[in-house]
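The block underneath contains the structure these notes are about, expressed in structure tokens.
The values are calculated or read from the model by the stated rules, or taken from the named source; none is laboratory data. All values reported here derive from a predicted model rather than from experimental measurement. When we count neighbours, we look across all protein chains shown, and the Cβ atoms used for this are built from the backbone with ideal geometry, even at glycine. Ligands, DNA and RNA are excluded from the accessible area calculation, which covers all protein heavy atoms including side chains. Shrake-Rupley method; radii C 1.70, N 1.55, O 1.52, S 1.80 Å.
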Amino acid sequence: MEEQRRIRMAAAITVNVILLIVILTAVIIYQLIAIGVGNGRKKAMEKEISEYTQKLEEKQNDLDYLKSEEFLLDKAFELGYSFPKD
């Protein structure tokens, strides 16, 4: 009787350890997948930030040109204004 009880106890412990290993393995696999997805999102966001930074620089250059005296002269000549000669 005592021997069977030990055998049942060993079997129960073995089953519990196997279940624990399976559950932990599933959690690790899930975490690895989540990390991979997160890295993909990070790369996409970095690329998007780079694109928007480049667009911002281009627009800043346009704004600087529009604020410049050169733009005013170009626009004046385009609209037909001519400067009187001394």
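Odds and ends about this structure:
- Segment 27-77, accessible surface, carbon-and-sulfur percent (1.4 angstrom probe): 62
- Residue-normalised accessible area of the chain, expressed per residue, 1.4 Å probe, Å²: 98
- Simple label model, 7 Å out from Cα along Cβ direction - Thr14 to Ile49, nm: 5.4
- Charge tally around Glu48: other residues with Cβ under 12 Å, Lys/Arg +1 each, Asp/Glu -1 each, net +3.
- The distance between label points at Ile7 and Leu66 comes to 8.8 nm (points 7 Å beyond Cα on the Cα→Cβ vector).
- The chain: most fluctuating residue of Ile29, Ile18, Ile49 per GNM, C-alpha cutoff 10 Å: Ile18
- Seen from all directions on average, the chain presents a Cα convex hull projection of 8.5 nm².
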